[in-house]
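A quick write-up on the structure given underneath.
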Amino acid sequence: MSPSGHRQERMADQVRDEIAEILAQGELRDPRIGFATVTRVEVTADLAHARILVSVLGSEEAQRNTFEGLSSAAGYLRREITRRLRLRRSPELTFVLDHGPEEALKIEGLLQKLRQSGDE
């Protein structure tokens, strides 16, 4: 991996850790934000944009409300990342729903049904 690839990866990890900590500490006092987990962060090669994949527990309405809250808090989160990581320029943040955990639960349920039908 090139040196810039390591830097990109390191930046993604640091951004993920900081946003996860902000969410866990309850620093965002927006009531729309439910139980959200940062699953992954993808940073562009020029470090100008960060795509934050978030898993949200709850209904579709809870997911939509959480994303509205996170989108409205993007400026605050960007400022905090700049301050905490001591960056000259922080990446622009974009939040995306991560369907991975939901899909894993569906697959696990299907496997469980197969195991039960195989036992009978």
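The values are calculated or read from the model by the stated rules, or taken from the named source; none is laboratory data. Owing to the predicted nature of the structure, the values given are computational and were not obtained by experimental measurement. In this analysis, Cβ positions are derived from the backbone assuming ideal geometry, glycine residues included, and neighbour counts consider all displayed protein chains.
Things worth noting here:
- Taken over the range 55-72, the criterion of being more than 14 Å from VAL15 (Cβ to Cβ) and touching a helix residue (DSSP H, G or I) at 6+ places or on another chain (Cβ under 9 Å) is satisfied by SER55, VAL56, LEU57, GLY58.
- In the range 72-117, the qualifying residues are those that are loosely packed, with under 14 Cβ neighbours inside 10 Å and of a type in the set (Gly, Ala, Ser), and the one that is farthest from the chain's Cα centre (by Cα) is SER117.
- Pair list, Cβ under 6 Å, 6 or more apart: the range 14-38 residue within 23 Å of GLU61 (Cβ to Cβ), other residue surrounded by 14 or more Cβ atoms within 10 Å (Cβ to Cβ) and hydroxyl-bearing (Ser, Thr, Tyr): ILE33/THR66; GLY34/THR66; ALA36/THR66; THR37/SER55
The rows are residues; the columns are (1) at pLDDT 90 or above; (2) in contact with a Phe, Trp or Tyr (Cβ under 6 Å, 6 or more places away or on another chain); (3) in a loop (DSSP other than H, G, I, E, B).
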position	(1), (2), (3)
ASP13	yes, no, no
LEU23	yes, no, no
ASP46	yes, no, yes
ILE52	yes, yes, no
GLU61	yes, no, no
ARG79	yes, no, no
GLU108	no, no, no
